[in-house]
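The values are calculated or read from the model by the stated rules, or taken from the named source; none is laboratory data. Only a predicted model underlies this, so the values are computations on that prediction, with no experimental measurement involved. In this analysis, Cβ positions are derived from the backbone assuming ideal geometry, glycine residues included, and neighbour counts consider all displayed protein chains.
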Amino acid sequence: MLKSIDIKGLAVVEQLNLELEPGMTVLTGETGAGKSILLTAMKLCLGERADANLIRPGVKKADISLDFDINNMPRTHEWLKENELDDQTDCLIRRTIGEDGRSRAFINGQPVNLKTLQQLSQHLISIHGQHAHLDLLHTINQCLLLDNYVTSNTALSNCQQLYTQWKNAHNELLSLTDGNDDNDSEKQLLIYQIQELEQTDLIHLQYDTLTQDHALASNASKIIELAEKQISALYEDDNASIHTLLSRTAHELESLTSLDSSFATIAEQVNDALIQIQEAGVDLRHKLDQQEDDPKALLDLDNKISKIHELSRKLNVNPNEIKAKYTDLVNRLKTLENRNERLEGLHTELDTLKNKYNQSAKKLHTQRCETAQKLSKEITKTLKTLGLPEGDFKIDINYKEQEKPAINGFDSINFLVTTNPGMPASPINKVASGGELSRLSLAIQVVTSQSNTIPTLVFDEVDAGIGGGVAETVGICLREIAINRQVICVTHLPQVASQGHHHLFISKDKNNGQTSTKINRLTKQTRTEEIARMLGGVDMSHKTIAHAQEMLEKANR
């Protein structure tokens with residue numbers, strides 16, 4: 001579960017550390033107080049793209065951390081070990097965003113990319129947003145939702161693996177045929193290109209090394225001239241070299257030391273310097289003797305580099321990619337030379353994969369139909385408690401076997417609903433109003449969450465557009481879900497807020513012209529006052545307070 005969230009320098013949050021507990025935690029507060037920024041912080045830590053505009057004015061970077069207790073989460077432990085990110089009991093995710101918009105992400109102190117964050121988040125937390133009903137209108141999301149409800153995804157996984165194998169074999173077949181029955185012209189071109197590369201003997205040369213050698217050869221005369229001057233200045237000029245002058249100084253210091261022993265240390269330092277100067281001069285002479293101004297060698301390097309540039313233009317590659325290109329050409333020629341044999345094998349392989357895929361797709365279809373029947377009943381049952389007593393939800397699955405496999409099987413999935421008796425079920429985007437669609441989305445989220453194994457569920461104002469007894473039912477449902485896991489719920493409804501095991505109040509505070517968000521953990525008394533505020537507004541009567549107390553007592557029976 002999520003133990004804590006720490007935010008610094010993000011939008012209206014200057015600094016915030018929030019400790020969280022198991023069960024159902026509700027977050028309430030006036031509109032604009034900053035409830036959404038908590039969810040924004042969570043999403044950023046879970047891999048959502050960052051925006052520099054989110055940084056609080058006056059700070060150089062935003063820093064967000066989520067600390068998860070994963071003691072009872074073996075799948076998460078396994079994932080972290082596989083990715084060499086394991087820790088003993090906790091999983092700490094950190095994300096920083098700079099004022100230039102660049103961000104960095106860490107898992108247990110180790111830097112990771114956004115894709116890794118997104119993969120990990122699937123094991124830790126599920127966020128249900130207030131606009132989830134809009135996602136329901138897309139058939140691809142309907143298919144994903146149904147598949148996520150399945151107890152085991154083995155059939156889907158097998159189907160996707162077979163599709164990938166079939167796709168790879170199909171692409172190889174296209175590459176071999178390429179709309180041409182013999183490919184003789186391509187073979188002749190490959191042979192010519194390979195021979196040209198082998199004849200030049202350039203494929204074994206490193207282009208970067210050649211250019212370095214060329215630079216040295218081009219500057220050989222200048223290097224020799226400068227080095228000769230420095231050798232003379234350091235050591236070999238008997239009259240005016242540094243070594244000659246320093247020798248004189250060393251000799252004079254020896255005389256001075258014989259008169260006053262306190263100068264001995266200085267004399268020793270000069271003698272050490274004298275030895276180093278001598279060694280530098282000898283090393284420089286040795287280095288210079290190895291230098292050679294060889295115009296013929298320079299010309300040879302010129303020719304090699306020119307030839308490499310010519311070949312790279314012909315092959316349309318960078319000069320340092322010629323060796324890799326040669327390997328590709330050789331492999332392609334081998335493929336074409338064995339083309340007929342490979343073509344025959346590919347056709348057999350494709351037929352086998354297609355048959356296996358069809359069998360897997362049928363198993364997936366059967367599994368989806370069984371799951372759809374169960375899910376439809378549960379969602380219909382929940383709809384009736386959410387103010388749609390005549391609501392009836394169905395999942396239509398149409399199996400259409402095609403010539404070519406598809407990534408997720410041959411099923412066309414469509415969510416159907418009717419809210420009036422005697423009317424046929426129709427696609428949800430054609431018959432459901434905005435309010436009905438919101439309730440349908442909420443019913444789906446409640447039902448699927450009950451079967452979800454993710455330990456932390458976040459609901460962001462999913463109860464918008466409902467009230468009264470329906471709102472109380474939603475609150476009870478969320479509280480029931482929180483029996484075996486952690487539920488965090490942002491709400492404006494007192495009926496939902498009263499069902500929470502814990503209550504956090506979010507407010508705004510203005511200081512020095514800047515707005516900051518604060519979060520307070522409510523006591524029994526202050527919680528009653530907050531529920532009363534949500535019920536009756538600013539002016540709270542004794543009846544409103546009594547009603548709030550009654551709601552809280554009822555929820556905790």
Output for the range 233-264, where each listed residue is loosely packed, with under 12 Cβ neighbours inside 10 Å and either among the hydroxyl-bearing types (Ser, Thr, Tyr) or not in a helix (DSSP H, G or I) (or both)
238, 239, 240, 255, 258, 260, 261, 262
Among the residues of the range 213-225, the number that are surrounded by 12 or more Cβ atoms within 10 Å (Cβ to Cβ) and farther than 16 Å from residue 288 by Cβ is 3
For residue 212, indicate whether it is within 30 Å of residue 326 (Cβ to Cβ), in the same structural domain as residue 316 (by TED's automatic domain parsing) and without any contact (Cβ under 8 Å) to a residue 24 or more places away in the chain.
yes
In the set 527, 533, the lone residue that is touching a His at 6+ places or on another chain (Cβ under 7 Å) and part of a helix (DSSP H, G or I) is 527
Members of the range 53-86 found to be touching a strand residue (DSSP E or B) at 6+ places or on another chain (Cβ under 7 Å) and in a helix (DSSP H, G or I), listed by number:
54, 76, 80
So how many residues does the range 346-387 have that are within 23 Å of residue 463 (Cβ to Cβ) and touching a Gly at 6+ places or on another chain (Cβ under 7 Å)?
3
Can you work out which of the residues in the range 515-557 that are polar (S, T, N, Q) and at pLDDT below 90 is surrounded by the most Cβ atoms within 10 Å (Cβ to Cβ)?
517
What's the number of the condition residue 121 fails, among (1) of a type in the set (Gly, Ala, Ser); (2) assigned by TED's automatic domain parsing to the domain that holds residue 486; (3) touching a helix residue (DSSP H, G or I) at 6+ places or on another chain (Cβ under 6 Å); (4) assigned to a helix (DSSP H, G or I)?
(3)
All positions within the range 457-472 that are β-branched (Val, Ile, Thr) and buried (at least 20 other Cβ atoms within 10 Å of the Cβ):
458, 462, 466
Scan the range 475-497 for residues that are of a type in the set (S, T, N, Q) and at pLDDT 90 or above and jot them down.
486, 491, 495
Restricting to the range 53-69, what's the tally of residues that are more than 30 Å from residue 22 (Cβ to Cβ) and surrounded by fewer than 18 Cβ atoms within 10 Å (Cβ to Cβ)?
5
The condition of being surrounded by fewer than 22 Cβ atoms within 10 Å (Cβ to Cβ) and assigned to a loop (DSSP other than H, G, I, E, B) holds, among 454, 476, 413, only for 454
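Quick grid of which residues meet (1) touching a Phe, Trp or Tyr at 6+ places or on another chain (Cβ under 8 Å); (2) under 21 Å from residue 155 (Cβ atoms); (3) not in a strand (DSSP E or B):
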site: 384; (1), (2), (3): no, no, yes
site: 398; (1), (2), (3): no, yes, no
site: 405; (1), (2), (3): yes, yes, yes
site: 409; (1), (2), (3): no, yes, yes
site: 417; (1), (2), (3): yes, no, no
site: 423; (1), (2), (3): no, no, yes
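Restricting attention to the range 265-298, which residues are small (Gly, Ala, Ser) and either more than 30 Å from residue 211 (Cα to Cα) or outside any helix (DSSP H, G or I) (or both)?
267, 273
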Do any residues in the range 299-313 that are at pLDDT 80 or above have Cβ atoms under 6 Å from those of residues that are of a type in the set (S, T, N, Q), where the two are at least six apart or on different chains, and which pairs are they?
307/200
Condition met for residue 26 (at pLDDT 90 or above and not small (Gly, Ala, Ser)):
yes
Scan the range 381-393 residue by residue and report those that are at pLDDT 90 or above and surrounded by fewer than 18 Cβ atoms within 10 Å (Cβ to Cβ).
381
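Residues checked against (1) among the basic types (Lys, Arg); (2) over 36 Å from the mean Cα position of the chain (by Cα); (3) surrounded by fewer than 15 Cβ atoms within 10 Å (Cβ to Cβ); (4) within 30 Å of residue 360 (Cα to Cα):
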residue: 140; (1), (2), (3), (4): no, no, yes, yes
residue: 145; (1), (2), (3), (4): no, no, no, yes
residue: 154; (1), (2), (3), (4): no, no, yes, yes
residue: 161; (1), (2), (3), (4): no, no, yes, yes
residue: 172; (1), (2), (3), (4): no, no, no, yes
residue: 187; (1), (2), (3), (4): yes, yes, no, no
residue: 191; (1), (2), (3), (4): no, yes, yes, no
residue: 194; (1), (2), (3), (4): no, yes, no, no
residue: 203; (1), (2), (3), (4): no, yes, no, no
By residue number, the members of the range 30-46 that are at pLDDT below 85 and in a helix (DSSP H, G or I) are 35, 36, 37
I need the full set of residues from the range 475-501 which are farther than 13 Å from residue 26 by Cα and either outside the structural domain of residue 2 (by TED's automatic domain parsing) or of a type in the set (Val, Ile, Thr) (or both), in order please.
481, 483
Looking at the range 66-87, I want the residues that are without any contact (Cβ under 8 Å) to a residue 60 or more places away in the chain and have a partner that is surrounded by 16 or more Cβ atoms within 10 Å (Cβ to Cβ) and in a strand (DSSP E or B) with Cβ atoms under 7 Å, at least 6 apart or on another chain. Which pairs are those?
70/91; 76/91; 80/91; 85/107
Filter the range 71-100 for residues that are of a type in the set (A, V, I, L, M, F, W, C) and out of contact with any Lys or Arg (no Cβ under 7 Å at 6 or more places or on another chain); the one that is farthest from residue 49 (Cα to Cα) is 73
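Restricting attention to the range 25-46, does a residue exist that is of a type in the set (Asp, Glu) and farther than 30 Å from residue 530 by Cα?
no
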Of the listed residues (67, 51), the one being closer than 20 Å to residue 485 by Cβ and charged (D, E, K, R) is 67
Determine which single condition residue 277 fails, assuming it passes every other condition in (1) farther than 30 Å from residue 219 by Cβ; (2) surrounded by 15 or more Cβ atoms within 10 Å (Cβ to Cβ).
(1)
